[in-house]
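Worksheet: the structure to be examined is printed underneath.
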Amino acid sequence: MDFSLFGEILVQSLTLTFMLVGLIGLLIPIFPGIVVIWLAAAVYMFYAAINGMMTGWDWFLFVLITILAAIGGVVDNIIITAKLRETGTPWRSIGIGLVIGLVASCFFTPLAALVITPLALYGVEYLRLREARAAFDSAKGWLIGFGWTFLALFAIGVVMIGLWLAWVLL
């Protein structure tokens, strides 16, 4: 039995598994799915480099994966914040809603943040404006922003995994 081939298949399988966990984890608001995908690629890069398997093409693909990870790291804040700012939600309310969602996700499941953050935002905006419709629009803006963010991050994650697969298979 060729243990080097077995080891390579094992490392590739583990890498892909972690990448898929990162991709699925994007459903959880505070789960750093893009970071998990990038870390899996980085660990594989170290494995490949140590074993002399990195070509110029491989380095190029890893750089592209890294650039996509950097974009993914900021795209969520840009999309959600832009959607909230369209509704006229002030920065203070956005910050309070996000902090409450983050704290709640520490005490409950991370999925709780998906419910608690827009509810907190609604509460903060209702206290500020004393108008249910405007508060609802802010909460709805967060949910729409989260939906678009998920789609953008999922697309970025799929492309990152696709680039890694090209790296491994070509």
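Remarks
- Within the stretch 108-130, tally of residues that are more than 14 Å from residue 141 (Cα to Cα) and modelled with pLDDT under 85: 6
- Any hit, the stretch 83-99, residues being farther than 30 Å from residue 4 by Cβ, free of Cβ contacts under 8 Å to residues at least 40 places away in the same chain, among the β-branched types (Val, Ile, Thr) and in a loop (DSSP other than H, G, I, E, B): no
- Residues (closer than 13 Å to residue 14 by Cβ, aliphatic (A, V, I, L, M) and open to solvent by 10 Å² or more (accessible area, probe 1.4 Å)) located in the stretch 41-62: 43
- Residue tally, condition open to solvent by 70 Å² or more (accessible area, probe 1.4 Å), assigned to a helix (DSSP H, G or I) and either polar (S, T, N, Q) or farther than 22 Å from residue 23 by Cβ (or both), over the stretch 125-152: 6
- Meets criteria (among the charged types (D, E, K, R), open to solvent by 60 Å² or more (accessible area, probe 1.4 Å) and at pLDDT 90 or above) for residue 85: no
- Apart from one condition, residue 80 fits all of (1) closer than 21 Å to residue 35 by Cβ; (2) surrounded by fewer than 20 Cβ atoms within 10 Å (Cβ to Cβ); (3) in contact (Cβ under 8 Å) with a residue 60 or more places away in the chain; (4) of a type in the set (Val, Ile, Thr); the exception is (2).
- With respect to the conditions (1) more than 14 Å from the chain's Cα centre (by Cα); (2) under 20 Å from residue 31 (Cβ atoms), residue 149 lacks only one, and its number is (1).
- Pairs with Cβ under 9 Å, 6+ apart, first in the stretch 54-72 and among the hydroxyl-bearing types (Ser, Thr, Tyr), second open to solvent by 30 Å² or more (accessible area, probe 1.4 Å): 66/38
- Selected residue [under 30 Å from residue 45 (Cα atoms), in contact with a Phe, Trp or Tyr (Cβ under 6 Å, 6 or more places away or on another chain), assigned to a helix (DSSP H, G or I) and of a type in the set (Gly, Ala, Ser)] from 69, 166, 155: 69
- Selection within the stretch 13-58 - more than 25 Å from residue 73 (Cβ to Cβ) and within 25 Å of the chain's Cα centre (by Cα): 13
- The test for being part of a helix (DSSP H, G or I), closer than 30 Å to residue 4 by Cβ and open to solvent by 20 Å² or more (accessible area, probe 1.4 Å) does not hold for residue 122.
The values are calculated or read from the model by the stated rules, or taken from the named source; none is laboratory data. Because the structure is a prediction, the values reported are computed rather than measured. Every residue, glycine among them, receives a Cβ derived from its backbone with ideal geometry; neighbour counts consider all protein chains shown. These accessible areas exclude ligands, DNA and RNA; they are computed on the full protein's heavy atoms, side chains included. Shrake-Rupley method; radii C 1.70, N 1.55, O 1.52, S 1.80 Å.
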